[in-house]
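Chemist: Pasting a structure here, questions to come.
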Amino acid sequence: MTMSIENVAVLGGGLMGSGIAESVALAGLPVAVRDIDEGAVEGARGRIEKSLGRAVSGGKMDEEARDAVLSRITLTTELEDLSDADLVIEAVPENAELKVDILAQLAGHVSERTVIASNTSSIPIAQLAAGIDRPERVLGLHFFSPVPVMKLIEIVVALDTSEETVSVATEFAARLGKTAIETKDRSGFIVNMLLVPYLMAAVRMYEEGFSTRESIDEGMRLGCGHPMGPLALSDLIGLDVLYSVCNSLYDEFKRDEYAPPPLLKRMVASGRIGQKAGRGFYEYDRARAGTAA
């Protein structure tokens, strides 16, 4: 009999983690969000409250509904508070060693039946599952930002992931109102394997002085009907995230189109990592930095 997800936990309350938690609570499920300290926890609380506040001011929900969503969200610094979860979604920064370490710690605090998922953008699930007992319960659930708005989840099936685990994940995605697409466990999965070469081509074009950032972005918006151009999209995603994804893809496939251009490396080193920092390929309102990427 396939288990049902009734309690969810999220590891990491950053932009992605807080967005995942909000989406889970919007679907009527209780969710616990764990982060490393009180400052990080308060940051997650602020992101969730701000997002729901925008929904209220935009007429998408009333204050009573907002309060009901917030009541389903618990924030904590303790891994022990995740022990009742049927599903834990890891959403810590895109660093393989960090993810492996936190997932190994988590496994000692949850049931052996708990489904363990990673929101990684590119790191192979088999690598993340290496230190976890019963790796058949481990898979990838790759959400897209902003999570409450974007309708896609990539379900990443590792070599050891069981059919039951995939079935549970598919049912969970539907419960959130998302569309699930299934992919094998290769770095980048479906979306980033197609998206990253396109974004990096735009970065190289700009780096080489071939055209201005505005012309590159306007060309893809008006010429191809994209909602935003590749450089603006890179800023939205976060250049630090893209740099990590590029390195993961290049490590796996050794193909030039996945290699991060020198400009990207320099921008990350200088803190020009996109909207969340107030500057990337474009400048942003620093008062809003951290809300969009």
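The values are calculated or read from the model by the stated rules, or taken from the named source; none is laboratory data. Note that the coordinates shown come from a computational prediction; the quantities given were computed from them, not determined experimentally. Ideal geometry is used to build each Cβ from the backbone, glycine not excepted, and the neighbour counts take in all protein chains shown. Remember, those area values only see protein heavy atoms, side chains included, never the ligands or the DNA or RNA. Shrake-Rupley method; radii C 1.70, N 1.55, O 1.52, S 1.80 Å.
Chemist: Between a first residue in the stretch 270-291 that is buried (at least 17 other Cβ atoms within 10 Å of the Cβ) and a second residue that is at pLDDT below 85 and not in a loop (DSSP other than H, G, I, E, B), which pairs have beta carbons less than 6 Å apart while being 6 or more apart in sequence or on different chains?
Modeler: 278/286
Chemist: Can I ask one more? Can you tell me how many residues in the stretch 6-63 are assigned to a loop (DSSP other than H, G, I, E, B) and open to solvent by less than 20 Å² (accessible area, probe 1.4 Å)?
Modeler: The qualifying residues number 3.
Chemist: A follow-up question, please. Which residues, taken from the stretch 112-143, are basic (Lys, Arg) and either under 10 Å from residue 89 (Cα atoms) or crowded, with 19+ Cβ neighbours inside 10 Å (or both)?
Modeler: 137, the sole residue that qualifies.
Chemist: Cβ contacts < 9 Å: first residue under 13 Å from residue 70 (Cα atoms), restricted to the stretch 48-59; second residue open to solvent by less than 70 Å² (accessible area, probe 1.4 Å) and among the hydroxyl-bearing types (Ser, Thr, Tyr), any location; separation 6+ or different chain. Result?
Modeler: So the pair list comes out as 48/18; 50/291; 51/18; 51/291.
Chemist: Considering only the stretch 118-167, how many residues are in contact with a His (Cβ under 8 Å, 6 or more places away or on another chain) and in contact (Cβ under 8 Å) with a residue 40 or more places away in the chain?
Modeler: The number of residues fulfilling the criteria is 2.
Chemist: I've got another one for you. Within the stretch 232-252, can you find the residues that are surrounded by fewer than 20 Cβ atoms within 10 Å (Cβ to Cβ) and of a type in the set (Val, Ile, Thr)?
Modeler: Listed by number, the list is empty, since nothing qualifies.
Chemist: Please specify each residue of the stretch 220-231 satisfying the condition of being open to solvent by less than 40 Å² (accessible area, probe 1.4 Å), part of a helix (DSSP H, G or I) and either more than 10 Å from residue 280 (Cβ to Cβ) or basic (Lys, Arg) (or both).
Modeler: Within the stretch 220-231, the first condition is being open to solvent by less than 40 Å² (accessible area, probe 1.4 Å), and the residues that meet it are 229-231.
Imposing the further condition that a residue be part of a helix (DSSP H, G or I) reduces the set to 230-231.
If the condition is that a residue be open to solvent by less than 40 Å² (accessible area, probe 1.4 Å), part of a helix (DSSP H, G or I) and either more than 10 Å from residue 280 (Cβ to Cβ) or basic (Lys, Arg) (or both), then 230 is the only one that fits.
Chemist: From 255, 186, grab the single residue that is charged (D, E, K, R), within 30 Å of residue 168 (Cα to Cα) and open to solvent by 30 Å² or more (accessible area, probe 1.4 Å). Walk me through how you get there before you give the answer.
Modeler: Working: 255 fails: within 30 Å of residue 168 (Cα to Cα).
Criteria check complete, one pass: 186.
Chemist: For the stretch 85-97, name all the residues that are at pLDDT 95 or above and either surrounded by fewer than 18 Cβ atoms within 10 Å (Cβ to Cβ) or acidic (Asp, Glu) (or both).
Modeler: Result: 86, 90.
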